[in-house]
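Read through the structure below, which is laid out as structure tokens, and then see the notes.
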Amino acid sequence: MKSKTWNEKFMQGVFFTAACTSVLAVALICIFLFANGIPAMKEIGFIKFITGQRWKPGNDIYGILPMIVGSLYVTAGAVIVGVPIGILTSVFMAMYCPKKIYKPLKAAIELLAGIPSVVYGFFGLVVLVPRVRELGRALKTIGLARSSGNGNSILTASLLLGIMILPTIVGVTESAIRAVPAQYYEGALALGATHERSIFKVIIPAAKSGVVAGVVLGIGRAIGETMAVIMVAGNQARMPAGIMKGVRTLTANIVIEMGYAADLHREALIATGVVLFVFILLINFSVALIKRRGEREQ
């Protein structure tokens, strides 16, 4: 009994240490970001830093509004591409998919989650960029676009990120759909609803908290992506001029310039990280709030 009690206390200590390490890591990251980023915001001017439209480190001009807008545009495009496909894929896997192909399909989606970002970037560079370039030229020829662009654009980055967020959305949404009690579906059928109507009018609304959580987590993945976006987005530090034009995101701005930045330039990049960190915190807070509301409704 004594050895069992000692083992339990020892493992409790191990788990507690692991939990404290995780919390400490997050605290240290927060301290580092805010301690180095806030002084730069004060020196540059918070409003000027957030709303400035020019980024010229050589002239000590630091405005990240183009990168904020670029991140929002690319993320919104990824949501438009990835969310409908992800939700419909989840519905198919949970309610329609034959057992014979479920396991291969599930394995393929999990494989998507394990592919490195740089591989996605190469795929976008070799496959998507030429196709978008051809699309731009076709639209310009028929008069629907002023400029064709070179393929490195908001559209390309949105398509690529839309593919990258699929595993997150599909995984969370499928789990939410499967968590809905079978009585909901059976009751809808008993009342005369068709299979499709039962799914889209009963099952999905009942799983909406999980579905929305999956979408928000997908948004978090999209807004935080770096390597793949750098390879296909064009990386021009200017206000977006159209979906066929290049753009630079917050993450790309940090990675591209951090290697040679110094003094105020380096602090401004860390301050950019603070803005991105706040965005991620808001997304995580939204997920927690959605889950809490879902639990109350149940």
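The values are calculated or read from the model by the stated rules, or taken from the named source; none is laboratory data. Predicted, not measured: the structure shown is a model, and the values here were computed from it. Every residue, glycine as well, gets a Cβ built from its backbone with ideal geometry; the counts of neighbours run over all protein chains shown. Protein only, heavy atoms only, side chains kept; ligands, DNA and RNA dropped before computing areas. Shrake-Rupley method; radii C 1.70, N 1.55, O 1.52, S 1.80 Å.
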### Task
Rounded to whole Å and ordered largest first, report the semi-axes of the equivalent ellipsoid of segment 112-169 derived from its Cα gyration tensor (root of 5λ).
26, 11, 7
### Query
In segment 14-85, what is the volume of the convex hull around the alpha carbon atoms, normalised per residue and reported in Å³?
146
### Message
Students often check this: by mean Cβ neighbours within 10 Å, which of 277-286, 16-25, 250-259 ranks highest, and how do the rest follow?
### Response
250-259, 277-286, 16-25
### Query
Quick one: putting +1 on the C-beta of Lys and Arg, -1 on the C-beta of Asp and Glu, what dipole do you get for segment 65-214 around its Cα centre, in Debye to the nearest 20?
280
### Task
At 7 Å along the Cα-to-beta-carbon direction for both Leu191 and Lys106, put a label point, then send me their distance in nm to one decimal.
3.1
### Query
Expressed as a whole percent, how much of the Cα-Cα distance distribution for segment 68-112 exceeds 15 Å?
56
### Task
Roll a 1.4 Å probe over the protein heavy atoms and report the accessible area of Tyr120 in Å², nearest 10.
10
### Task
Provide His265, His195 ordered by accessible surface of protein heavy atoms (probe 1.4 Å), highest first.
His195, His265
#### Entry: Apportionment of accessible area to carbon and sulfur, the chain, percent (1.4 Å)
66
### Query
What dipole magnitude, in Debye to the nearest 20, does the chain give about its Cα centre under +1 on Lys/Arg Cβ and -1 on Asp/Glu Cβ?
440
### the chain, helix-only ellipticity at 222 nm - DSSP H runs n ≥ 4, -39,500 (n - 2.57), divided by all residues, nearest 500
-24000 deg cm²/dmol
### Summary
For the chain, the helices passing both cut-offs (Cα extent along own axis of 30 Å or more, Kyte-Doolittle mean at least 1.6, full DSSP H runs) are 65-91
### Task
Please work out the FRET efficiency for the pair Ala27 and Met227, using the Cβ-Cβ distance as r and a Förster radius of 35 Å; give the result to the nearest 0.05.
0.80
### Query
With a ≥ b ≥ c the root eigenvalues of the C-alpha gyration tensor of segment 143-194, is it rounded (a/c under 1.5), prolate (a/b larger than b/c) or oblate?
oblate
### Message
Expected output is a single nm value to one decimal: the length gained when fully extending between Lys9 and Phe122, i.e. 0.36 nm times separation in residues minus the C-alpha distance. What is it?
### Response
35.7 nm
### Query
Going down the list Lys99/Lys201; Lys9/Lys103; Lys106/Lys245; Lys9/Lys106; Lys103/Lys245; Lys208/Lys245, which pairs span over 29 Å between their C-alpha atoms?
Lys9/Lys103; Lys106/Lys245; Lys9/Lys106; Lys103/Lys245; Lys208/Lys245
### Task
Give, in whole angstrom and from largest to smallest, the semi-axes √(5λ) of the equivalent ellipsoid of segment 115-253, with λ running over the eigenvalues of the Cα gyration tensor.
38, 19, 12
#### Entry: Whole-Å semi-axes of segment 1-158's equivalent ellipsoid (Cα gyration tensor)
42, 34, 13
### Message
Please compute the volume of the convex hull spanned by the alpha-carbon atoms of segment 1-48 and report it per residue in Å³.
### Response
49
### Task
Average the reciprocal distances over every distinct pair of alpha-carbons in segment 182-289, invert the result, and give the Kirkwood radius in Å.
17.2
### Task
Roll a 1.4 Å probe over the protein chains and send me the accessible area per residue for segment 220-267 in Å².
40
### Query
Volume per residue, Å³, of the convex hull around the alpha-carbon atoms of the chain?
216
